[in-house]
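Asker: If you scroll down you'll find the structure; I have some questions about it.
The values are calculated or read from the model by the stated rules, or taken from the named source; none is laboratory data. As the structure is a prediction and not an experimental result, all values here were calculated from the model. Cβ placement follows ideal geometry from the backbone for every residue including glycine, while neighbour counts extend to all protein chains displayed. Side chains included, ligands, DNA and RNA excluded: accessible areas come from the protein's heavy atoms. Shrake-Rupley method; radii C 1.70, N 1.55, O 1.52, S 1.80 Å.
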Amino acid sequence: MTQTLIDHGAIEAHNAKLIRHVLNDYDHLGEQLSRRGIDIEEIRQQVSTFGVAIPSWGTGTGGTRFARFPGSGEPRHVFDKMQDCGVIHQLTRATPTVSLHIPWDKCSDWTELRQAASGAGLGFDAMNSNTFSDQTGQALSYKFGSLSHTDPAVRKQAVEHNLECIDIGKKLGSKALTVWIGDGANFPGQQHYRRAFDRYLESNRDIYAALPPDWRMFLEHKMFEPAFYATVIQDWGSSYLAATSLGPKAQCLVDLGHHAPNVNIEMIVARLVAVGKLAGFHFNDSKYGDDDLDAGSVAPYRLFLVFTELVAAAKEKVADFNPAYMLDQSHNVTDPIESLMVSALAVQASYAQALIVDREVLDAAQDANDALIATQTLKRAFETDVTPLLQKIRLDAGAAIDPVGTFRASGYRQQMAKLRPMGAPSSGIV
């Protein structure tokens, strides 16, 4: 039984003011799409099954290298995070799973946590290990690396931590492990690049060997931070080399902020799809680097273009195509719950817009080298306001037509501020 986290009557009351407009707008959008040969009901059915995972750490206020400004009512532990994630899914019906980060989300009873998640209508997505920062009581430091460290004892410690994450994931029903390391160098000559990469592979082979048969291993790359001169897995090429070396269960994760400025991310996605190595995504947005801004807040067209590749792969039934979707953001000046809801809906909207691309016209234009018609075909879908479609999906699912407005009217944050004293929450950002 799904636990009601915000009174359903309050959701219905807020929806009641908007239902007439939503139904009218939905009918109008359906008429527009019908003139383009698109059945809105078919699109609605596909979008209604789409979901993106919430990062547990995203429910707390993030920060920068310089400061963090805590917000009121922040989660104190993983059970509070489950409650906040439950509210997000209750209001959007677009975020059915949660991705945990260990050791931030450690608890004493994993069965109790799984029950709490189920009570909030949630399941578990990929597990995330942490060997990029030292924890209280940790025997050996990761200051100079973890899985690629020169000291075999440090590497062993990092491997064992990942094995622990797999064991926890098995108890929770997870089916994947995400491995991101901060290993690298901050000065020229600091690191022997080939040896560091070889050590990374050696460590990951031990982790890979422990994966259950139905699990996947997501390798995440990042250009910089905390190693600003060179990182061991700095781009999708390094990630692909590692995943290929490890085996078929290892794939490449794409974080939208982990690339060089102006890189054509949708082309990277297409390449990984073609070779069966696309693990999935960490959705966020950026202006300068790994900014971890709300998805679609800066470059919504780029997000849409990524989804055009994903929809094309699904339509063409590309082998081994099963991407995982997750948000990965740091909320410094906004309410984390509100930002996660807005981001989930932005991702959902990009998927819907990609579904209404006229593929026949696009394919014909590409074959004829008609650049103008090809790009205009994409623009036409992107410029279609799919808000009524998403609102109708939420209405049908018993969620909120206006998630942020309903959330604010509910007073949930104010209630949590009374129940959760201001402190240092168990949260972070990758």
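Asker: Mean separation of Cα pairs under 8 Å and 6+ residues apart, divided by the residue count of the chain: what relative contact order is that in percent?
Answerer: Values: 779 pairs, mean separation 97.1, N = 430.
That works out to 23 percent.
Asker: For the chain, modelled as a GNM with alpha-carbon contacts under 10 angstrom, which of Asn262, Asn162, Asn204 fluctuates the most?
Answerer: For the chain, modelled as a Gaussian network with Cα springs under 10 Å, the answer is Asn262.
Asker: What lysines could a cross-link reach from Lys17, if we take a straight Cα to Cα line under 25 Å and drop same-chain neighbours fewer than 8 places away?
Answerer: Correct list for Lys17: Lys392.
Asker: If packing is taken as the average number of other Cβ atoms within 10 Å across a peptide's residues, how do 218-230, 57-69 rank, most packed first? It would help to have the intermediate numbers written out before the result.
Answerer: Working: 218-230: 19.4, 57-69: 16.9.
Result, highest mean Cβ count within 10 Å first: 218-230, 57-69.
Asker: Which value, in Å², gives the accessible area per residue of segment 195-274 when a 1.4 Å probe is used on the protein heavy atoms?
Answerer: Values: 3290 Å² over 80 residues.
About 41 Å² of surface per residue is accessible.
Asker: With a 1.4 Å probe and all protein chains left in place, how much accessible area per residue does segment 300-430 have, in Å²?
Answerer: Spelled out: the 1.4 Å probe surface of segment 300-430, per residue, equals 44 Å².
Asker: Roughly how compact is segment 122-277, stated as its Cα Rg over 2.2 N^0.38 Å to two decimals? Let's see the in-between values first.
Answerer: Numbers: Rg = 15.2 Å, N = 156, 2.2 N^0.38 = 15.0 Å.
Segment 122-277 yields a ratio of 1.01.
Asker: Give me Rg/Rg_expected for the chain, where Rg uses Cα atoms only and Rg_expected = 2.2 N^0.38 Å with N residues. Let's see the in-between values first.
Answerer: Details: Rg = 21.8 Å, N = 430, 2.2 N^0.38 = 22.0 Å.
The reported ratio for this selection is 0.99.
Asker: Per residue, how much accessible area does segment 116-175 show when a 1.4 Å probe rolls over the protein heavy atoms, in square angstrom? Working shown, then result.
Answerer: Values: 2520 Å² over 60 residues.
Per residue, segment 116-175 has 42 Å² of solvent-accessible surface.
Asker: While we're looking at this one, here's another question. Using a Cα-Cα cut-off of under 13 Å, which aspartates and glutamates could be cross-linked to Lys379, ignoring same-chain neighbours fewer than 8 residues away?
Answerer: Result set, ordered by chain and number: Asp358.
Asker: Taking amide H atoms as placed 1.01 Å from N in the peptide plane, list the residues 5 or more away in sequence, or in a different chain, whose amide H sits under 5 Å from that of Val98.
Answerer: The answer is Ile54, Gly123, Phe124, Asp125.
Asker: Let me ask something else. Over segment 1-151, what is the relative contact order in whole percent, taking alpha-carbon pairs under 8 Å and six or more residues apart? Write down the numbers at each step before the final one.
Answerer: On the way: 153 pairs, mean separation 36.3, N = 151.
Reported as a whole number, the value is 24 percent.
Asker: Which whole number in µm²/s is D for segment 36-80 by Stokes-Einstein, with the Kirkwood Rh taken over Cα pairs at 37 °C and 0.692 mPa s?
Answerer: On the way: Rh = 14.3 Å.
The estimated diffusion coefficient comes to 229 µm²/s.
Asker: Between Ala126, Ala279, Ala153, which gets the highest mean-square fluctuation from a Gaussian network model of the chain, Cα cutoff 10 Å?
Answerer: Comparing Ala126, Ala279, Ala153 in a Gaussian network model of the chain, the most mobile one is Ala153.
Asker: If the cut-off is 21 Å between C-alpha atoms, which lysines fall inside it for Lys175, apart from same-chain ones fewer than 8 positions away?
Answerer: Counting by Cα, and skipping residues close in sequence, Lys175 has these lysines nearby: Lys81, Lys106, Lys249, Lys277.
Asker: Follow-up question, since we're still on this one. Report, in whole Å, the centroid distance computed from the Cα atoms of segment 200-262 and segment 131-187.
Answerer: So the separation of the two Cα centres works out to 13 Å.
Asker: Leaving out ligands, DNA and RNA, and with a 1.4 Å probe, what % of the accessible surface on the chain is carbon or sulfur? Numbers along the way, then the final one.
Answerer: Working: 9960 of 18950 Å².
Ligands and nucleic acids excluded, carbon and sulfur reach 53 percent.
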